[in-house]
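Here is the structure we will look at.
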Amino acid sequence: MRGRAERPFTEVGDFMRRAVVSRPVTEALAHAGAFDGLGEGNRRNRVYTAMTAEAPREGDQLTLSDAVAPAHAFKDYSDAEVVRAELEVLGMDASRHIVSFFEPLLADLGVTRTKDLGALRGGTKVMVAGVKVASQTPAIRSGQRIIFLTLDDATGPVEVTVFESVQPKVAKTVFHGYALAVWGELRRTGVRGVSIIAEEVWDLTTLHGARGRGELRTALDEGAGVGGASREGHAAPPRRLWHASGGSAG
């Protein structure tokens, strides 16, 4: 960018004057944190400036006061808002993995992380969780409708298979949730490969909210009978997954 090559930008208004960039693009850049290193208030202030500043192009008669700073000090973005902005603008969580917001919940659920799945035997019942990064329902010769998911838990991707028999109770969650917890059976797919055959699926955001209200076990029980058979006859997660810990409903 020629404007940047001449001298560093000092603040959002300076960028708007010297760069040939539309206001909506500038707003998006501010929202995603592109101007965080300019030391001009916090990110919400910079977004406000990008939305409201009058900044004629360089060469016009202009002083720095023409790009007026916000009259009020706005509260900065929370960590969650930072990541949400990155997802909205960049399509990825650049500063922090989404799963990190759910770490206490994953501990309460007894989640096995992807990096540890390779050490388990085939047939082991496990709880896995992560952000849904892919889903597909390819045509199968048998005519069955099988859903294949890929979840990312910040330690790696795990493949999940949802067979037709469990889809009536989990399909809505599978397709509409962006972060999922899955209880199922581990299957070996080669020397190092593993996949999970889903038996129960929960929306992590729903469980997160329930945990905050002290209702985690209730939310889990709605998907599977505690210590017994689930609605479709699959073995439900045992009580030990919902152990007592700080913030746990167990």
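The values are calculated or read from the model by the stated rules, or taken from the named source; none is laboratory data. No experiment lies behind these values; they were computed from the predicted model shown. Ideal geometry is used to build each Cβ from the backbone, glycine not excepted, and the neighbour counts take in all protein chains shown. When the accessible area is computed, the model is the full protein with side chains, heavy atoms only, and any ligands, DNA or RNA have been set aside. Shrake-Rupley method; radii C 1.70, N 1.55, O 1.52, S 1.80 Å.
Taking the stretch 15-47 only, how many residues are of a type in the set (Gly, Ala, Ser) and over 22 Å from Met92 (Cα atoms)? Counting residues in the stretch 15-47 that are of a type in the set (Gly, Ala, Ser) and over 22 Å from Met92 (Cα atoms) gives 4.
In the stretch 173-210, what count of residues is obtained for those that are over 14 Å from Phe148 (Cα atoms) and in a helix (DSSP H, G or I)? Residues meeting the conditions: 8.
For first residues located in the stretch 63-82 and closer than 30 Å to His97 by Cα, partners that are modelled with pLDDT of 50 or more and of a type in the set (A, V, I, L, M, F, W, C) and lie 6+ apart or on another chain with Cβ distances below 8 Å form the pairs Tyr77/Ala85; Asp79/Phe101; Ala80/Phe101.
For the stretch 102-152, a residue qualifies if it is acidic (Asp, Glu) and open to solvent by 50 Å² or more (accessible area, probe 1.4 Å), and the qualifying residues are Glu103, Asp116.
For the stretch 69-105, the set of residues classified as of a type in the set (D, E, K, R) and assigned to a helix (DSSP H, G or I) consists of Asp79, Glu81, Arg84, Glu86, Glu88, Glu103, listed by residue number.
Given the criteria at pLDDT below 75, surrounded by 13 or more Cβ atoms within 10 Å (Cβ to Cβ), farther than 28 Å from Phe102 by Cα and out of contact with any strand residue (DSSP E or B) (no Cβ under 7 Å at 6 or more places or on another chain), does Gly41 qualify? So Gly41 does not fit the description; no. If you go through the stretch 106-135 and keep only what is assigned to a strand (DSSP E or B), under 22 Å from Arg217 (Cα atoms) and under 17 Å from the mean Cα position of the chain (by Cα), you end up with Val128, Ala129, Gly130, Val131.
Set side by side, the residues Val89, Val83, Val68 differ, and just one is of a type in the set (Val, Ile, Thr), at pLDDT below 75 and open to solvent by 40 Å² or more (accessible area, probe 1.4 Å), which is Val68. Quick check on the stretch 1-16: of everything there that is hydrophobic (A, V, I, L, M, F, W, C) and not in a helix (DSSP H, G or I), which residue is modelled with the highest pLDDT? Once the filter is applied, the top-ranked residue is Phe9. In this entry, Gly190 is excluded by the filter for residues that are more than 17 Å from Gly110 (Cα to Cα), open to solvent by less than 10 Å² (accessible area, probe 1.4 Å) and modelled with pLDDT under 95.
Checked against the criterion of being free of Cβ contacts under 8 Å to residues at least 24 places away in the same chain and of a type in the set (S, T, N, Q), the stretch 157-168 has at least one qualifying residue.
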